[in-house]
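Novice: The structure is given below, and queries will be raised subsequently.
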Amino acid sequence: MLEEFLPFLGLLIFGNIENLILSSQAVVKKKNVLTISIVSIAIVIIWFIIGTVLTEEAMKYSNIIDFIGGLAIFILGLQSVIEARKSMKSKQE
(Lines give C-alpha, C1' and ligand atoms only; values in the text may rest on other atoms or scores of the structure.)
Protein backbone atom coordinates (compact mmCIF):
# COMPACT_ATOMS: atom_id res chain seq x y z
CA MET A 1 0.00 0.00 0.00
CA LEU A 2 2.83 2.43 0.79
CA GLU A 3 4.22 1.88 -2.70
CA GLU A 4 1.22 3.75 -4.13
CA PHE A 5 2.28 6.94 -2.40
CA LEU A 6 6.01 6.87 -3.15
CA PRO A 7 5.73 9.04 -6.29
CA PHE A 8 4.17 11.73 -4.08
CA LEU A 9 6.65 11.49 -1.21
CA GLY A 10 8.48 14.67 -2.21
CA LEU A 11 5.23 16.55 -2.55
CA LEU A 12 4.12 15.36 0.90
CA ILE A 13 7.35 16.60 2.46
CA PHE A 14 7.46 19.89 0.60
CA GLY A 15 3.72 20.41 1.10
CA ASN A 16 4.41 20.73 4.80
CA ILE A 17 7.11 23.28 4.04
CA GLU A 18 4.64 25.20 1.88
CA ASN A 19 2.21 25.24 4.78
CA LEU A 20 4.90 26.70 7.03
CA ILE A 21 5.74 29.35 4.43
CA LEU A 22 2.12 30.43 4.14
CA SER A 23 1.84 30.59 7.92
CA SER A 24 4.97 32.70 8.21
CA GLN A 25 3.66 35.08 5.56
CA ALA A 26 0.48 35.51 7.57
CA VAL A 27 2.43 36.23 10.75
CA VAL A 28 4.63 38.78 8.98
CA LYS A 29 1.47 40.53 7.76
CA LYS A 30 0.08 40.50 11.32
CA LYS A 31 -2.91 38.25 10.61
CA ASN A 32 -4.82 36.43 13.34
CA VAL A 33 -2.80 33.32 14.24
CA LEU A 34 -5.86 31.32 15.33
CA THR A 35 -7.61 31.94 12.01
CA ILE A 36 -4.51 30.98 10.06
CA SER A 37 -4.14 27.80 12.13
CA ILE A 38 -7.74 26.75 11.56
CA VAL A 39 -7.58 27.45 7.83
CA SER A 40 -4.25 25.63 7.55
CA ILE A 41 -5.59 22.53 9.32
CA ALA A 42 -8.75 22.59 7.19
CA ILE A 43 -6.73 22.74 3.98
CA VAL A 44 -4.51 19.86 5.09
CA ILE A 45 -7.61 17.76 5.86
CA ILE A 46 -9.18 18.60 2.51
CA TRP A 47 -6.00 17.64 0.65
CA PHE A 48 -5.79 14.42 2.67
CA ILE A 49 -9.35 13.48 1.68
CA ILE A 50 -8.78 14.37 -1.96
CA GLY A 51 -5.50 12.45 -1.97
CA THR A 52 -7.09 9.39 -0.39
CA VAL A 53 -10.04 9.32 -2.76
CA LEU A 54 -8.26 10.25 -5.99
CA THR A 55 -4.87 8.53 -5.60
CA GLU A 56 -5.51 6.00 -8.35
CA GLU A 57 -6.42 8.71 -10.86
CA ALA A 58 -3.62 11.03 -9.75
CA MET A 59 -0.95 8.35 -10.26
CA LYS A 60 -1.11 8.95 -14.00
CA TYR A 61 -0.10 12.57 -13.44
CA SER A 62 2.28 12.23 -10.49
CA ASN A 63 5.26 13.77 -12.30
CA ILE A 64 3.24 16.80 -13.38
CA ILE A 65 1.70 17.18 -9.92
CA ASP A 66 5.14 16.99 -8.30
CA PHE A 67 6.52 19.61 -10.68
CA ILE A 68 3.64 22.04 -10.19
CA GLY A 69 3.73 21.53 -6.42
CA GLY A 70 7.47 22.06 -6.29
CA LEU A 71 7.21 25.17 -8.44
CA ALA A 72 4.46 26.58 -6.22
CA ILE A 73 6.55 25.92 -3.11
CA PHE A 74 9.57 27.63 -4.71
CA ILE A 75 7.52 30.68 -5.73
CA LEU A 76 5.87 30.95 -2.30
CA GLY A 77 9.24 30.66 -0.59
CA LEU A 78 10.72 33.36 -2.79
CA GLN A 79 7.73 35.59 -2.19
CA SER A 80 8.03 35.02 1.55
CA VAL A 81 11.70 36.00 1.58
CA ILE A 82 11.02 39.15 -0.46
CA GLU A 83 8.15 40.19 1.84
CA ALA A 84 10.24 39.51 4.95
CA ARG A 85 13.10 41.66 3.58
CA LYS A 86 10.70 44.49 2.79
CA SER A 87 9.27 44.24 6.29
CA MET A 88 12.74 44.24 7.85
CA LYS A 89 13.83 47.27 5.80
CA SER A 90 10.70 49.22 6.72
CA LYS A 91 11.31 48.52 10.43
CA GLN A 92 14.92 49.75 10.17
CA GLU A 93 13.87 53.10 8.70
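Novice: When the chain is modelled as a GNM with alpha-carbon springs shorter than 10 Å, which of Ala26, Ala72, Ala42 fluctuates the most?
Specialist: Among Ala26, Ala72, Ala42, the largest GNM mean-square fluctuation belongs to Ala42.
Novice: On to the next question. What angle, in degrees between 0 and 90 and rounded to the nearest 10, separates the Cα long axis of helix 9-28 from the longest principal axis of the Cα atoms of the chain?
Specialist: For helix 9-28, the angle is close to 20 degrees.
Novice: Mind running the shape call on the range 17-93? Use the C-alpha gyration tensor, a ≥ b ≥ c as the square roots of the eigenvalues: rounded below 1.5 for a/c, prolate if a/b tops b/c, oblate otherwise.
Specialist: It is oblate, given that a/c is not under 1.5 and a/b is not larger than b/c.
Novice: Around Lys31, which amide H atoms from residues at least 5 apart in sequence, or from another chain, sit under 5 Å from its own amide H, with H modelled in the peptide plane?
Specialist: none
Novice: Which percent of the accessible area of the chain is formed by carbon and sulfur heavy atoms (probe 1.4 angstrom)? Provide the component values of the computation, followed by the final result.
Specialist: Details: 5470 of 7450 Å².
Ligands and nucleic acids excluded, carbon and sulfur reach 73 percent.
Novice: Something else: Between Ser23, Ser80, Ser37, find the one with the highest GNM mean-square fluctuation for the chain; connect C-alpha pairs within less than 10 Å.
Specialist: Looking only at Ser23, Ser80, Ser37, the largest GNM fluctuation is found for Ser37.
Novice: Suppose only helical runs count, i.e. DSSP H with n ≥ 4. What mean residue ellipticity at 222 nm does that imply for the chain under -39500 (n - 2.57) per run, divided by all residues and rounded to the nearest 500 deg cm²/dmol?
Specialist: So the calculated ellipticity at 222 nm is -30000 deg cm²/dmol.
Novice: Now a separate question. Between Ser40 and Ile64, what FRET efficiency comes out of the Förster formula 1/(1 + (r/R0)^6) with R0 = 30 Å and r the beta carbon distance, rounded to 0.05? Walk me through the numbers before you get to the answer.
Specialist: Working: r = 25 Å, r/R0 = 0.83.
About 0.75, to the nearest 0.05.
Novice: Could I ask something else about it? How far is helix 62-92 tilted, in degrees, relative to the longest principal axis of the Cα atoms in the chain, given as a value from 0 to 90 rounded to the nearest 10?
Specialist: 10
Novice: For Met88, what accessible surface area do you get with a 1.4 Å probe? Give it in Å², rounded to 10.
Specialist: Roll a 1.4 Å probe over it and Met88 shows about 120 Å².
Novice: Hey, what's the chain come to in accessible area per residue, 1.4 Å probe, Å²?
Specialist: 80
The values are calculated or read from the model by the stated rules, or taken from the named source; none is laboratory data. Keep in mind the model is a prediction, meaning the values are calculated, not measured. Positions of Cβ are generated from backbone atoms using ideal geometry, with glycine treated the same way; all protein chains shown enter the neighbour counts. Keep in mind that these areas ignore ligands, DNA and RNA; they rest on the heavy atoms of the full protein, side chains included. Shrake-Rupley method; radii C 1.70, N 1.55, O 1.52, S 1.80 Å.
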